[in-house]
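Visitor: There's a structure below that I have some questions on.
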């Protein structure tokens, strides 16, 4: 545990010094300030945003910086003294002249339905930071649902869509376990019942050997099946850089002394992401994955997590998608990536 704490302190040295390209600004009573928050403040704002994706969390930005030339820059939008939104951008400054910028699943608003004028001002301020005319390439995947309103907003900024929308599913844990269990699809519930009858022992941890075991098997499976998704290395970086050790939850199912399945959840604010998992042949026979996911939901809800992001719905992996949706989570497709 001491080694893990030491690792967590090794933040990317250049992360806070990333070149945004220009200072913040003001528009229609909304002020944008860059680099004005520390990690604790950012986590509190992320919690206020509620249904917040992991890509806007502080550890995500630092994990990107640890393994790439991109550096996170973080901005908060205020109306007077009141924060109304936040955004984390990833910036790669090339020779101080050209900037490649990614905004992934942001900005986030601190109210579920922001005033249209506030939303417009926030989006205009982000766009103004990196104009194409000043050698900036802004690749922006806003946290907006696919639809005419989102398309109109992004086109109004002079942007065009380059990639179709990412799809995921959110589960509202505040409904309570009884209600959530009732909402399970019949097949999923039957598999869970069978798993609960199996002689499986479930262990939990916040990192260490369990994390190493899980990411190793995840990478082996990923390489063998040739599927896209996060690498074990990046998942491990997110876990090591987590704001608090308790933000990492690893569950392992054992039959006898042998682990047969494992899952990793990462918390960010009042939300969490079902990030990766592995199940061996014995685990599949026992439906251990259902058991681990269900027990993880219970533990997350007990710790105060409100929202669980199921980590993506991909048409190229219909079995995985059906499994995630079997929990009764609500699917959503985002507006895509814009340039």
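Values in this text are rule-based calculations from the coordinates and carry no lab data. Because the structure is predicted, anything quoted here is derived from the model rather than measured. Note that each Cβ is placed from the backbone with ideal geometry, even for glycine, and that neighbours are counted across all protein chains shown.
Visitor: Given just the C-alpha atoms of the range 62-204, how large is their convex hull per residue in cubic angstrom? Don't skip to the answer; put the middle values down first.
Guide: Values: hull volume 29.2 nm³, N = 143.
Spread over its residues, the Cα hull of the range 62-204 gives 204 Å³ apiece.
Visitor: Now a separate question. D for the range 14-143, whole µm²/s, Stokes-Einstein with Kirkwood Rh over alpha-carbon pairs at 4 °C and 1.567 mPa s: what number? Please report the intermediate quantities before stating the final value.
Guide: Working: Rh = 14.6 Å.
Result for D is 89 µm²/s.
Visitor: Quick one: of the DSSP bridges fully inside the range 169-331, what percent are antiparallel, nearest 5? Could you put the intermediate results ahead of the total?
Guide: Numbers: 26 of 29 bridges.
Looking only at bridges with both residues in the range 169-331, the antiparallel portion is about 90 percent.
Visitor: Now for a different question. Using Cβ contacts closer than 10 Å as the measure, can you line up 111, 206, 218 from fewest to most?
Guide: Least crowded to most crowded, the residues run 111, 206, 218.
Visitor: Take the Cα atoms of the range 174-248, build their convex hull, and give its volume per residue in Å³. Could the numbers behind the result be given before it?
Guide: Working: hull volume 12.2 nm³, N = 75.
So the per-residue hull volume is 163 Å³.
Visitor: Going by alpha carbons, how many degrees (0 to 90, nearest 10) lie between the helix axis of 116-129 and the longest principal axis of the chain?
Guide: Taking Cα atoms only, the helix is inclined about 80 degrees.
Visitor: Assuming R0 = 22 Å, what is the FRET efficiency of residue 257 and residue 220, from their Cβ-Cβ distance, to the nearest 0.05? Present the calculation step by step, with values, prior to reporting the outcome.
Guide: On the way: r = 21 Å, r/R0 = 0.93.
Given R0 = 22 Å and the Cβ-Cβ separation, E is 0.60.
Visitor: Take every DSSP beta bridge with both residues inside the chain and express the antiparallel ones as a percent of the total, to the nearest 5. Could the numbers behind the result be given before it?
Guide: On the way: 56 of 65 bridges.
Roughly 85 percent of the beta bridges in the chain run antiparallel, per DSSP.
Visitor: Shifting gears a bit: Rounded to two decimals, what is Rg over Rh for the chain when you use alpha-carbon atoms and the Kirkwood radius?
Guide: Numbers: Rg = 20.5 Å, Rh = 21.0 Å.
Ratio value, two decimals: 0.98.
Visitor: Helix 209-225: angle to the longest alpha-carbon principal axis of the chain, degrees 0 to 90, nearest 10?
Guide: Between helix and principal axis, roughly 80 degrees.
Visitor: Further, regarding this structure: Among 34, 294, 278, which comes first, then next, by fewest other beta-carbon atoms within 10 Å?
Guide: Values: 34 18, 294 21, 278 24.
The most exposed by this proxy come first: 34, 294, 278.
Visitor: Here's another thing I want to ask about it. Would you list 162, 141, 152 from fewest to most Cβ contacts within 10 Å? Before the final figure, lay out the partial values.
Guide: Working: 162 12, 141 21, 152 9.
Fewest-to-most Cβ neighbours within 10 Å comes out as 152, 162, 141.
Visitor: Now for a different question. In a Gaussian network model over the chain where Cα atoms closer than 10 Å are linked, find which of 244, 187, 102 has the largest mean-square fluctuation.
Guide: Taking springs between Cα atoms under 10 Å, the residue moving most is 187.
Visitor: Follow-up question, since we're still on this one. I need two numbers for the range 169-331: Rg to one decimal and Dmax as a whole number, Cα atoms only, in Å.
Guide: When restricted to Cα atoms, the range 169-331 yields Rg and Dmax of 14.7, 38 Å.
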